Structures are given as structure tokens and as C-alpha cells.
Amino acid sequence: EKIVLDMEINRLKNSDKLELSKKVKQAKYDFLGYDIKSRELDGSKRYIEVKTTRSKVGNINFFLSINEYKKAKKLKNYYVYVVFEILSKSPKVWIVDNPFNPKNSDIAMTPISYKVTINTK
């Protein structure tokens, strides 16, 4: 997340948006459904979910919580930033404009687990 946080601050600074760069923050709570709140160049909010891998750039599989998915469907300007080669000296970041809204045919989602609640009375 630190890589993306710094990248976002620099993106805004390099666009002469110093005041906006000061508003880039790491999310404090998991229930928010994103990892970083940044800004678009027009000042509107940009929500970023960060996914990382040690793999080289290419196809990726990652887990998405139901909360992250619901936020992606609801929030405008939601992005997934995939950081490849996370342990290298020069990680690569792939930015995906909200892949879930509208639905993207290049993305396959497969449910793999269920929450089960049992009343033991």
C-alpha cells in the first residue's frame, strides 16, 4: 500500500495539484472497502483497492471481499491497483479503472466460500 500511496501523492504533485496531494490518505478501517482515498485532478475522490503479488506482470488472480465488491459497485472512481513484483527493487503497478462497474467481460469472478451460521440451541 505504501508504494501506491507514494505513487498517488507524486501523481498529484506532478500535475501541479499540491493541495490535493496532501489529501491522499491510507484507509484506517477494513470496512471501508478500499485501501487508499486519493483525489482525481478535478478534486473528486478516488478510491483505491491495492492487490499485490510477487509474480511478474501478466495474468493475476486475487481475492476480493464481499465488502470490497459492494463498494466497487457503489462508489464512483473506484480503482484496483495491482502491484507486481512486490519484493523487487522496482515493482510495477497496473491500474484498473473499476473492473466491476460496469461489468467487464474480461473479468471472471468465481464464488469460492460461504459464510455459515448455525444456531446451536
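The values are calculated or read from the model by the stated rules, or taken from the named source; none is laboratory data. Only a predicted model underlies this, so the values are computations on that prediction, with no experimental measurement involved. Cβ coordinates were reconstructed from backbone atoms using ideal geometry, including for glycine residues, and neighbour counts include every protein chain displayed. Surface accessibility is based on the protein's heavy atoms, side chains included, excluding ligands, DNA and RNA. Shrake-Rupley method; radii C 1.70, N 1.55, O 1.52, S 1.80 Å.
Taking Cβ atoms as reference points and 11 Å as the exclusive limit, the residues near GLU19 contribute a net charge of +4, counting Lys and Arg as +1 and Asp and Glu as -1.
What is the sum of charges, Lys and Arg at +1 and Asp and Glu at -1, for the other residues whose Cβ falls under 11 Å from the Cβ of LYS45? Walk me through the numbers before you get to the answer.
Values: positive: LYS23, LYS25, LYS37, ARG39, ARG46, LYS76; negative: GLU40, ASP42.
For residues surrounding LYS45, the net value is +4.
The label point for ASP30 and the one for ASP106, both projected 7 Å from the Cα toward the Cβ, are 3.0 nm apart. For region 29-77, the set of GluC sites (Glu not before Pro) satisfying both a DSSP loop assignment and a count of at most 15 other C-beta atoms within 10 Å is given as GLU40. You can think of it this way: the chain between LYS74 and LYS13 has 19.1 nm of extra reach, that is 0.36 nm per residue less the Cα-Cα gap. Using a probe radius of 1.4 angstrom, the carbon and sulfur fraction of the accessible surface of the chain is 52%.
Restricted to Cα atoms, region 1-101 shows a radius of gyration and a Dmax of 13.3, 36 angstrom. Between LEU64 and GLU1, the distance separating the two model label sites (each 7 Å from Cα on the Cα→Cβ line) works out to 1.9 nm. Each of GLU85 and ARG54 was given a label point 7 Å from its Cα along the Cα-to-Cβ line. The distance between the two points is 1.6 nm. Working from Cα pairs under 8 Å separated by at least six residues, relative contact order for the chain is 18 percent.
Note that the chain presents 74 Å² accessible area per residue, ligands and nucleic acids not counted, probe 1.4 Å. Among the listed pairs LYS25/LYS103; LYS2/LYS115; LYS45/LYS76; LYS2/LYS103; LYS23/LYS51; LYS2/LYS89, a Cα-Cα separation exceeding 20 Å is found for LYS25/LYS103; LYS2/LYS115; LYS2/LYS103; LYS23/LYS51.
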